[in-house]
Amino acid sequence: MGPTASGKTDLALKLAQRFPFDIISVDSAMIYRGMDIGTAKPDRHILRQAPHRLIDICDPAESYSAARFSEDARREITAIHAAGRIPLLVGGTMLYFRALQHGLAALPEADPEIRLQLQKRLQAEGLPVLYEELQKVDAASAQRIHANDPQRILRALEVFAAAGEPMSRILARSENRTMPWSVFKFALFPDDRKLLHERIEQRFYQMLDAGFVNEVRSLHGRDDLNLDKPSMRTVGYRQIWRHLDGSISYEAMVERGIVATRQLAKRQLTWLRAETGLHSLASINLDLNEVLRTISGFLQDY
């Protein structure tokens, strides 16, 4: 595990060369075909050397969920074990890790009619009004959802309307579906936050040099994609899309893309700090030999 630009993929490749590991991607953006540059997806040469499962499994117009990831990952883990090898899960989508480890509550499916009504209210009444309503009907959810997060506010209200009870109550009685395998969790933590921010900025510019804008332009030209699609809300893609729409300048796109990526890293670190049984590694001054010794010790008991 680890925040964006912390070096997860590089470390995973080194580990796959030393141990009988098969890599499973835990990334909510790498699942999409045609989204390669902006997701820092390993290139074809790397994928030939170390194939990554659960990459390029969806079209950007499709929806994908943490629950679906959990099922897909469990299937891949079982197949890897059957081949006599060990799964190495690598990524930064912390909700996917949590869904796989502990399961998810059986929330109601999305209701298009309810969602449409909420979208109309959002446009007519504004987000603060809907957030205030959420505070009244589901205070626990409102407390953990940011007041400027329309996607999660609408989902919580949608669940309440569909189920007739707060989403927080449904989540609280979620069945604990613990994985039936021994798990060793380790994460790359930036030992220098300033250097992580510099890495994020440098990588964003490298993506732009590699053709990131053209990648988004090809997606922007499709009739079945827009900013309401989860794929196009991905950091970087969202900002470039708005630039291509003409709503922000190139310079503003770059600045907002870098800031959004830093905010993503901050959210990922917040999730990681809540993880239990986590072995922390310094991502900037990483001691590979220490990592190899630690993992070797775990594998003896695997």
_Mean separation of Cα contacts under 8 Å, 6 or more apart, over the residue count of segment 85-174: relative contact order %_ = 36 percent
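Add -39500 (n - 2.57) for each DSSP H run of 4 or more in the chain, then divide by its residues: what number comes out at 222 nm, to the nearest 500 deg cm²/dmol? Write out the running numbers ahead of the final one.
Values: 14 runs with 166 residues, N = 302.
The per-residue figure over the chain is -17000 deg cm²/dmol.
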_Please list, in order, the residues from segment 124-143 whose amide nitrogen is less than 14 Å from a point placed 7 Å along the Cα→Cβ vector of Ala274._
140-143
*Which value in nm describes the separation of the simple spin-label points at Arg121 and Arg242, placed 7 Å from the Cα toward the beta carbon?*
2.6 nm
*Between Leu299 and Thr178, with labels modelled 7 Å along Cα→Cβ, what's the label distance in nm to one decimal, could you check?*
2.6 nm
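Which of the residue pairs Lys229/Lys266; Lys120/Lys266; Lys136/Lys185; Lys14/Lys229 have a Cα-Cα distance greater than 28 Å in the structure shown?
Details: Lys229/Lys266 23 Å; Lys120/Lys266 32 Å; Lys136/Lys185 38 Å; Lys14/Lys229 35 Å.
From the list (Lys229/Lys266; Lys120/Lys266; Lys136/Lys185; Lys14/Lys229), the Cα-Cα distance tops 28 Å for Lys120/Lys266; Lys136/Lys185; Lys14/Lys229.
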*asked:* I'd like to check one number: the per residue accessible area of the chain, probe 1.4 Å, reported in Å² as a whole number.
replied: 53 Å²
*Given segment 67-138, what whole percent of its Cα pairs are spread farther than 16 Å?*
68 percent
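Expressed as a rounded percentage, what relative contact order does segment 1-130 have, with Cα pairs under 8 Å and six or more residues apart?
Numbers: 134 pairs, mean separation 40.9, N = 130.
After rounding, I find 31 percent.
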*Label points 7 Å out from Cα along the Cβ direction at Thr78 and Asp191: separation in nm?*
4.2 nm
*Once you've got the GNM for the chain with C-alpha springs shorter than 10 Å, pick whichever of Glu113, Glu71, Glu62 has the biggest mean-square fluctuation.*
Glu113
*asked:* Rounded to the nearest percent, how much of the accessible area of the chain (1.4 Å probe, protein heavy atoms only) is carbon and sulfur?
replied: 49 percent
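The values are calculated or read from the model by the stated rules, or taken from the named source; none is laboratory data. The structure displayed is predicted, hence computed values, not measured ones. We place every Cβ from the backbone using ideal geometry, glycine too, and count neighbours over all the protein chains shown. For the accessible areas, the whole protein counts, side chains as well, though only heavy atoms, and no ligand, DNA or RNA atoms are used. Shrake-Rupley method; radii C 1.70, N 1.55, O 1.52, S 1.80 Å.
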